[in-house]
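Data first, discussion second: the structure below is written as structure tokens.
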Amino acid sequence: PTPTSSTPTWTPQQQTAITAAKARYAAALAAIDKALSDPTKSTREPLEAAGLSDKRIIAAIGDVRTLRDSGWYRAGKTQILSATPQTVELDGEQPKVTLRSCVDLSSTALHFQKDHKTVPVGPSSSKRVTFSAELRYTARSTTSPKRWFLTDEKALGAC
């Protein structure tokens, strides 16, 4: 018998979409990091420019407000350890790529704005989290160019 591969083979068009979606995902997480690092000055525009959709922007703004209202900020950067394509759907008005990512949050910590000391938050869950991230290729409005947007991201547990 011929061995079969459990790794899907992507067409060149699918691989192009995967590459673009991964780049947008990295940009989106970097924009969220930046917003959380200075919640008193962060605005919606950089999150939109990084390709966060309405649902994901609302969640990020909620996180920013929580930190701002608590007098905290998050130092450090998230690191994407892996981003493996799960599905690639190129047909239809809004092509979609779903990534399964492992994100390392171990270099991030909450700090107080007033004195920059670490916030004692108690024992934390895993600092490496698996996410299912959905990205769609679409225009935000009739005047904006088509591009990839992070439309949804769900934590699945530790990785």
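A residue that is outside any helix (DSSP H, G or I) and buried (at least 16 other Cβ atoms within 10 Å of the Cβ) cannot be found anywhere in region 1-12.
Just name the residue that is least open to solvent (accessible area, probe 1.4 Å) out of those in region 64-103 that are free of Cβ contacts under 8 Å to residues at least 24 places away in the same chain and in a loop (DSSP other than H, G, I, E, B). By that ranking, first place goes to GLY92.
Restricting the search to region 114-135, which residues are open to solvent by 80 Å² or more (accessible area, probe 1.4 Å), in a loop (DSSP other than H, G, I, E, B) and modelled with pLDDT of 90 or more? Listed by number, the residues that qualify are LYS114, HIS116, LYS117.
Checked against the criterion of being touching a Ser or Thr at 6+ places or on another chain (Cβ under 8 Å), at pLDDT below 95 and within 21 Å of ALA17 (Cβ to Cβ), region 70-93 has at least one qualifying residue.
For region 47-85, the tally of residues that are more than 15 Å from the chain's Cα centre (by Cα) and either within 15 Å of GLU134 (Cβ to Cβ) or among the charged types (D, E, K, R) (or both) stands at 4. Remark: GLY51 matches the filter, which requires a residue to be at positive phi and small (Gly, Ala, Ser). Filter region 16-61 down to residues that are surrounded by 18 or more Cβ atoms within 10 Å (Cβ to Cβ) and not in a helix (DSSP H, G or I) and give me whichever is modelled with the highest pLDDT. Of everything passing the filter in region 16-61, PRO39 is modelled with the highest pLDDT.
The requirement of being within 16 Å of the chain's Cα centre (by Cα) and under 19 Å from PHE131 (Cβ atoms) is satisfied by ALA26.
The values are calculated or read from the model by the stated rules, or taken from the named source; none is laboratory data. Source: prediction; values computed, not measured. Counting neighbours? That spans all protein chains shown, and the Cβs are built from the backbone with ideal geometry, glycine included. Only protein heavy atoms, including side chains, enter the accessible area calculation; ligands, DNA and RNA are left aside. Shrake-Rupley method; radii C 1.70, N 1.55, O 1.52, S 1.80 Å.
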